[in-house]
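As structure tokens, the structure follows; a few thoughts come after it.
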Amino acid sequence: MLSVLVPRVGSWAVILPSVEWGAMTSPVSQWSLDAPLSAVPEAVHKVLSHYFEESSQEFSAIGREFDQAVSYLKDFVLLGGKRVRPMFAWAGLRAGLEGGGGSLSIPFPDDATVNPAALLTAVSALELIQACALIHDDIIDKSDTRRGHPTTHRRFESEHREKGWLGSSEHYGVSQAILTGDLALAWADDMLHDSGVSAQALGNVRIPWRAMRSEVIAGQILDVTVEANGSEDVEDSYKVMEYKTASYTVARPLHLGAALVGADEQVVELLRAVGHDVGVVFQLRDDQLGVFGDPSMTGKPSGDDLRTGKRTALINLALAQGTESDVDKLTKSLGTVQDEADIDVLREIIVRTGAAQAIEEEIQIRSRRAIDALQDSPLDAGIKTELTGLTEKLSNRKF
């Protein structure tokens, strides 16, 4: 049944224990529209867990083979992840409602039955797009681990090898993981459109949703191209970053959340500008962690970007600023280095060129610019404070 909400000063209260969207029952009770951003990850986890339970039952007749793919996808989605994208989408939604010109009459034309769980479900769908992107990214990068666990294609590969099946175990693993990522993308669409928000709200999010999917794939295509042609151009690194990460991690989720409630266009543009800076900050920090991060925190091998030879902004800046001998050492070692002592030598080169310091300064400049834009905006103080805190947390993260 739909939760009927009664207005209070500054919030809405759920007075029935559960809600429905489509044919599914929400696991999230007492979810409030003014829930803090810090509460979003746990709530999204519950929504996703329930979605997998419902979907597994719906398709159980297909058989064990499909069940296995669903099981691996479920593990991938639920056994880790920061839920950054739903957090920013929820922030965009709240920004739209808190000084951004949005209205609950957009997702819920009958304002007697405002349904926060439907909105939460809509933004939770972003995690399935993320799953698709990461599963495919791990294949492209030939990664063995993700978040401290075997990557999806390695899990399928191990299953094939252990059972002594015909053909190449590696090819089997890659093939099944590609399809599992495709399934995640399909279910993301299903989850959004079955969330329970109005046709008008779905129409509003059509542009950011479509753009986000195309942009992240475009970013991946650019990334693969840059890796193949060996580009050392820092601008190429930033272009990859903007499409592969900044847009789909922060800018488009903020846009999507604001669009769900029909926020004013100028507020959407503000959020996208802020999101672009914060998204670049997110990736620049990721680039630093890929070289200097603690494996116990990142869940990836030490110096992972050096081992795989990723041409990040950090590495390309070091190549642009280094001495001839430093550049020669970096160029010959990227993608082939494995020994920890040799990785330490490359780290020292990157620090010596000034690249590490320059990237850190860029992180601080963009973080400050995003925070200043938020503080100067017409948004309510509460959402300004929370978005500022989230920006600071991401800029200083260790994993």
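The values are calculated or read from the model by the stated rules, or taken from the named source; none is laboratory data. Only a predicted model underlies this, so the values are computations on that prediction, with no experimental measurement involved. As a convention, Cβ positions derive from the backbone with ideal geometry for all residues, glycine included, and neighbour counts pool all protein chains shown.
All told, ALA211 falls short of being buried (at least 24 other Cβ atoms within 10 Å of the Cβ) and either on the phi > 0 side of the Ramachandran plot or free of Cβ contacts under 8 Å to residues at least 60 places away in the same chain (or both). Going by the structure shown, is VAL267 crowded, with 24+ Cβ neighbours inside 10 Å, in contact with a Leu (Cβ under 9 Å, 6 or more places away or on another chain) and in a helix (DSSP H, G or I)? No, not satisfied. Residues considered: VAL123, VAL114. Of these, the only one that is β-branched (Val, Ile, Thr) and over 19 Å from MET212 (Cβ atoms) is VAL114. Only one of the numbered conditions (1) surrounded by fewer than 21 Cβ atoms within 10 Å (Cβ to Cβ); (2) within 25 Å of the chain's Cα centre (by Cα); (3) within 20 Å of VAL280 (Cβ to Cβ) is not met by GLN357, and that is (2). Among the residues of region 309-335, which ones are crowded, with 22+ Cβ neighbours inside 10 Å and within 8 Å of ALA355 (Cβ to Cβ)? Once the filter is applied, which keeps residues that are crowded, with 22+ Cβ neighbours inside 10 Å and within 8 Å of ALA355 (Cβ to Cβ), region 309-335 yields LEU314, ILE315, LEU317, ALA318. Screening SER195 with (1) in a helix (DSSP H, G or I); (2) in contact with a Ser or Thr (Cβ under 6 Å, 6 or more places away or on another chain) gives one miss only, at (1).
Scanning region 49-84 for residues that are outside any helix (DSSP H, G or I) and among the charged types (D, E, K, R), which turns out surrounded by the fewest Cβ atoms within 10 Å (Cβ to Cβ)?
Only one residue fits best here, namely LYS82.
Scanning region 85-131 for residues that are on the phi < 0 side of the Ramachandran plot, part of a loop (DSSP other than H, G, I, E, B), out of contact with any strand residue (DSSP E or B) (no Cβ under 8 Å at 6 or more places or on another chain) and not polar (S, T, N, Q) turns up GLU98, GLY100, GLY102, LEU104, ILE106, PRO107, PHE108, PRO109, ASP110, ALA125.
Within region 293-337, how many residues turn out to be small (Gly, Ala, Ser) and under 14 Å from THR145 (Cα atoms)? Residues in region 293-337 being small (Gly, Ala, Ser) and under 14 Å from THR145 (Cα atoms): 4 in total. Remark: THR113 falls outside the filter, which requires a residue to be under 30 Å from GLU65 (Cβ atoms) and touching a residue at least 24 places away in the same chain (Cβ under 8 Å). Of the residues that make up region 311-326, is at least one at pLDDT below 95, more than 29 Å from GLY92 (Cα to Cα) and not polar (S, T, N, Q)? The answer is yes, given that some residue of region 311-326 is at pLDDT below 95, more than 29 Å from GLY92 (Cα to Cα) and not polar (S, T, N, Q). Scanning region 241-270 for residues being over 13 Å from ASN204 (Cβ atoms) and within 17 Å of the chain's Cα centre (by Cα) gives a total of 14.
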